[in-house]
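Reading through the structure tokens given below for one structure.
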Amino acid sequence: MQNSYRGRFAPSPTGPLHFGSLVAAVGSYLDARTRGGEWLLRMEDVDTPRNVPGAADAILKTLEVYGFEWNGPVLYQSSRFAAYAAALEALKRCGLAYGCACSRKEIADSATHPAVDGGLAYPGTCRNGLPPGREARAWRLRVNDDEIAFDDRLQGRVAQHLESDVGDFVLRRADGLFAYQLAVAVDDDFQQISHVVRGADLLASTPRQIWLQRCLGFSRPIYAHLPVAANAAGEKLSKQTLAPALAPDLAAAELVRALAFLGQDVPAQLARATVAEVWAWAHENWSFDAIPRQPGIIVPRA
Ligand SMILES: [Zn+2]
């Protein structure tokens, strides 16, 4: 079974890699490699207006300098629109996807409660047909209120009722772009990903991706959601919170810091070692069980 392990790291080229992305890269990489698995790279550039020119190449360069080795070519979501369109067509054909005419304001005016990850749960206005005289702006996926549950390797059992927690969610946006959830489900299947190891900021997305896998007849990967790194103010590290880019000349020290953040018992002197020495130590000593089992954000040690 070991050889069937296929993991992945899927950054968005909206800016340079920062410590938060490094934690996800290190966690997914070591889980794959220490189990004899493959580790694939996917550039999640489906939301093209958010892409920053040059960021994808800069991310790949940083991963190289930090000593990551990936299997096969990098998969760019921007090259996959035909596959997403085919998945959407399949969902339309079986009546699971439907056109939605609602504007953001109309949803805000008619929604009754918030969704699990912010925003508003879609109230289902168009699910039985478009209002008279209106045209579809977006395409949504029909959900039901069955419980969608999975056992996360770190966070334990996670369950949602999509109808009340999210509502019918968007597959293709009003601007014509495919939604992140659809792209991820289609690409995890295309790349035959068996294990997803990523930040817990995506935990609330997972039931939607599982629902898509069911609707499209895909198999479900095994999930592990890592703790998420925060800055000193307790905000998740991101482009929005101005997380600094990973410095190429601090690769060994930053890798050691990421390992420590993931609960690994790293010897202090390793921060002054070479990148190759850090990886050698990590391959030898990696303990998945040492990863903190908390979904919240953690301020890393300096
Ligand atoms: Zn609608």
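Based on this model, can you work out whether Ile107 counts as of a type in the set (Val, Ile, Thr) and over 22 Å from the mean Cα position of the chain (by Cα)? Here the answer is yes, as Ile107 does meet what is asked.
Of all residues in the range 1-16, those satisfying the criterion of being part of a loop (DSSP other than H, G, I, E, B) and either at pLDDT below 95 or small (Gly, Ala, Ser) (or both) are Met1, Ala10, Ser12, Thr14, Gly15, Pro16.
Considering only the range 201-230, state which residues are within 13 Å of Ala149 (Cα to Cα), among the hydrophobic types (A, V, I, L, M, F, W, C) and within 12 Å of the chain's Cα centre (by Cα). If the condition is that a residue be within 13 Å of Ala149 (Cα to Cα), among the hydrophobic types (A, V, I, L, M, F, W, C) and within 12 Å of the chain's Cα centre (by Cα), then Leu203, Ala204 are the ones that fit. Residues in the range 174-191 that are aliphatic (A, V, I, L, M) and touching a strand residue (DSSP E or B) at 6+ places or on another chain (Cβ under 8 Å): Ala174, Ala179, Leu182.
Contact annotation: residue pairs with Cβ atoms under 9 Å, 6 or more positions apart or on different chains, pairing a residue in the range 90-103 that is touching a residue at least 60 places away in the same chain (Cβ under 8 Å) and near the ligand (Cβ under 9 Å from one of its atoms) with a partner that is outside any helix (DSSP H, G or I) and open to solvent by less than 20 Å² (accessible area, probe 1.4 Å), are Tyr98/Cys126; Tyr98/Leu141; Tyr98/Asp168; Cys100/Tyr122; Cys100/Cys126; Cys100/Ala138; Cys100/Asp168. Filter the range 30-51 for residues that are open to solvent by 10 Å² or more (accessible area, probe 1.4 Å) and assigned to a helix (DSSP H, G or I); which is nearest to Ala85 (Cα to Cα)? Out of the qualifying residues, it is Thr48.
Kindly state which strands (runs of 3 or more DSSP E) lie completely within the range 104-198 and contain at least 1 residues that are at pLDDT 95 or above, within 13 Å of the ligand (Cβ to nearest atom) and at negative phi. Walk me through how you get there before you give the answer.
Working: elements: 138-141, 147-152, 156-161, 169-172.
Result: 138-141, 169-172.
With Arg140, Arg198 as the choices, which residue is closer than 27 Å to Pro49 by Cβ, open to solvent by less than 30 Å² (accessible area, probe 1.4 Å), out of contact with any strand residue (DSSP E or B) (no Cβ under 6 Å at 6 or more places or on another chain) and among the charged types (D, E, K, R)?
Arg198
Selection of the range 220-246 for residues being open to solvent by less than 30 Å² (accessible area, probe 1.4 Å) and of a type in the set (A, V, I, L, M) yields Ala224, Leu226, Val228, Ala229, Ala230, Leu237, Ala243, Leu246. Restricting attention to the range 24-63, the residues that are of a type in the set (A, V, I, L, M) and more than 13 Å from the chain's Cα centre (by Cα) total 11. When the range 154-173 is filtered for residues that are more than 16 Å from Gln209 (Cβ to Cβ), touching a strand residue (DSSP E or B) at 6+ places or on another chain (Cβ under 7 Å) and open to solvent by less than 60 Å² (accessible area, probe 1.4 Å), only Leu154 remains. Of all residues in the range 224-240, at least one satisfies being in contact (Cβ under 8 Å) with a residue 12 or more places away in the chain and under 21 Å from Leu182 (Cβ atoms).
Tallying residues that are in a loop (DSSP other than H, G, I, E, B) and at negative phi within the range 81-103 yields 5.
The values are calculated or read from the model by the stated rules, or taken from the named source; none is laboratory data. Just so you know, these numbers come straight off a predicted model, no measurement behind them. Methodologically, a virtual Cβ is constructed for each residue, glycine included, from the backbone with ideal geometry; neighbour enumeration extends over all protein chains shown. Just the protein is used for accessible areas: all its heavy atoms, side chains included, with ligands, DNA and RNA removed. Shrake-Rupley method; radii C 1.70, N 1.55, O 1.52, S 1.80 Å.
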